[in-house]
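Written below as C-alpha cells is the structure these notes are about.
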C-alpha cells in the first residue's frame, strides 16, 4: 500500500458548512453579555472582538509564529473582563463562543458518503488522522454531532497548538508525535494555500479536492501550491475510489 497514513482536512473536505456572522448575530451575542452585566451594543461587541483578535495575532507574530492560532474562547472571556465581569469569565467565554457559533451557523453537514468512505479506508488498513484549522471549543462538538469523533486514529485541532496550516510546525506536530513516515503519508484537503502548501513544506504528498468551499481561484490554477493528485467534487463515493486508485499506484495529477 503506497500511503498507509491518510491525513484529512475537515471543513470543505469532509464537512460542508456555512456560517454568517451578520449584525443580528452580534446583537444577540451582545444581549447574552448583557445578561451577566457586560453591556455592549452589537457593533461595540464586534469591534472589541476584532480588536482583541488582531492584538493576539500581532503578539504571536512577533516570534516565528507565521500562522498564529488563538483559542477563541479566551477572546470571548476577555470581552467579559473588559466590562468588569471577572468572576467566572473563563466559563462564560466558552459559553459565549459556543453561542456565537450556533447563532452564526446556517448549516453543518457531511458530504455524501463520508462516514462510509472513512470506514472503508480503515477496513483497507489505513490509519486516519485529522489535521484541521479549527477551534476545539466548537469543532469537537460538531464532530460529535456529525458522528465523526470516533473515525480517526488521532485528531489535531489548530487551536490546541497555537498555529495553523500551512505552518509546517502544525504538520510536524502530527508527523513527529505519531512517528509517521513522510513517504507513507497522503494529505487530503480542499485548499491549495493551506492544506497543499503545508503538505509540500512538510515533504508529504497530497490529494487536492476542489469542492464548493474551495477558494474560487484554486480551480485550474497553474501556479501556487501544486498537489500530487487532484479531483473535482465532494461525493465521497468517488473520492474513495480515487484514493484507492492512488494507493494502488495511480498516476500523479
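The values are calculated or read from the model by the stated rules, or taken from the named source; none is laboratory data. Bear in mind that the values here come from a model prediction, so they are computed numbers and not experimental data. Note: ideal-geometry Cβ built from the backbone for every residue, glycine included; neighbour counts use all protein chains shown.
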Of (1) surrounded by 16 or more Cβ atoms within 10 Å (Cβ to Cβ); (2) not assigned by TED's automatic domain parsing to the domain that holds residue 172, residue 9 fails just (2)
Exception for residue 96 within (1) buried (at least 16 other Cβ atoms within 10 Å of the Cβ); (2) closer than 17 Å to residue 195 by Cβ falls at (2)
Does residue 214 fit the bill of being in contact (Cβ under 8 Å) with a residue 60 or more places away in the chain, closer than 21 Å to residue 239 by Cα and outside any helix (DSSP H, G or I)? yes
Residue count, region 179-198, condition in contact with a strand residue (DSSP E or B) (Cβ under 9 Å, 6 or more places away or on another chain), in contact (Cβ under 8 Å) with a residue 60 or more places away in the chain and surrounded by 14 or more Cβ atoms within 10 Å (Cβ to Cβ), comes to 10
